[in-house]
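Enquirer: What follows is a structure written as structure tokens; I'll ask about it next.
The values are calculated or read from the model by the stated rules, or taken from the named source; none is laboratory data. Predicted model only: the values in this text are computed from it and were never measured. Don't worry about glycine lacking a Cβ; one is built from the backbone with ideal geometry, like all the others, and counts go over all protein chains shown.
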Amino acid sequence: MVALLRHYGEGPVSVKHISEREKISTDYIEQLFIKLKRCGLIKVVRGPKGGFLLARQPSEIKLSDIIECVGESVELAPCSEIKSSGDRCELDDRCVTKAFFQKITDTIKEMLSSTSLADLYEGIWKNQKEVK
């Protein structure tokens, strides 16, 4: 998503370009892009000069949207989640570290839900010289 952000407003970006620049396999990028397209975060432009674009304004895409879309978790205390069976960890009621890690997780979630791609650009990328 950051690679698409770098080229926002300039046209589509190819998977090959992203792969070479970010040192990520094309297969992995394609797997992520399938999920991101389904979530409406990116769109495809077909043809010889085709590639991928952000589907919305960078200010409208929260980092939490991206994390949720690709199915990642930021839980530092996954034992605090109720499992599909309804069970919790048997040490749940006496775990000393659970509350600490849950507080950190809540802070991370708040940061992700309150930070957009545009915020990320303004805070990090704008102040660095980037080679496209």
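Enquirer: Pull up the range 42-71, narrow it to residues that are small (Gly, Ala, Ser) and part of a loop (DSSP other than H, G, I, E, B), then point me to the one that is farthest from the chain's Cα centre (by Cα). Lay out the reasoning, then the answer.
Expert: Let us first name the residues in the range 42-71 that are small (Gly, Ala, Ser), namely 47, 50-51, 55, 59, 64, 71.
If we keep only those that are part of a loop (DSSP other than H, G, I, E, B) as well, we get 47, 50, 55, 71.
On the way: 47: 26, 50: 22, 55: 14, 71: 9 Å.
The residue in question is 47.
Enquirer: So, one more: Just to check your reading of the model, which residue among 61, 42, 67, 34 is out of contact with any Pro (no Cβ under 9 Å at 6 or more places or on another chain) and within 30 Å of residue 96 (Cα to Cα)? Before the answer, list the steps.
Expert: Numbers: 61 fails: within 30 Å of residue 96 (Cα to Cα); 42 fails: within 30 Å of residue 96 (Cα to Cα); 34 fails: within 30 Å of residue 96 (Cα to Cα).
None of the others qualify; the one that does is 67.
Enquirer: Please indicate, with yes or no, whether at least one residue in the range 109-120 is part of a helix (DSSP H, G or I), surrounded by 10 or more Cβ atoms within 10 Å (Cβ to Cβ), modelled with pLDDT under 80 and not assigned by TED's automatic domain parsing to the domain that holds residue 5.
Expert: Taking the range 109-120 first, the residues part of a helix (DSSP H, G or I) are 109-114, 117-120.
Filter once more, so that each one left must be surrounded by 10 or more Cβ atoms within 10 Å (Cβ to Cβ): 109-114, 117-120.
Filter once more, so that each one left must be modelled with pLDDT under 80: none.
Looking for residues that are part of a helix (DSSP H, G or I), surrounded by 10 or more Cβ atoms within 10 Å (Cβ to Cβ), modelled with pLDDT under 80 and not assigned by TED's automatic domain parsing to the domain that holds residue 5, one finds none in the range 109-120, hence no.
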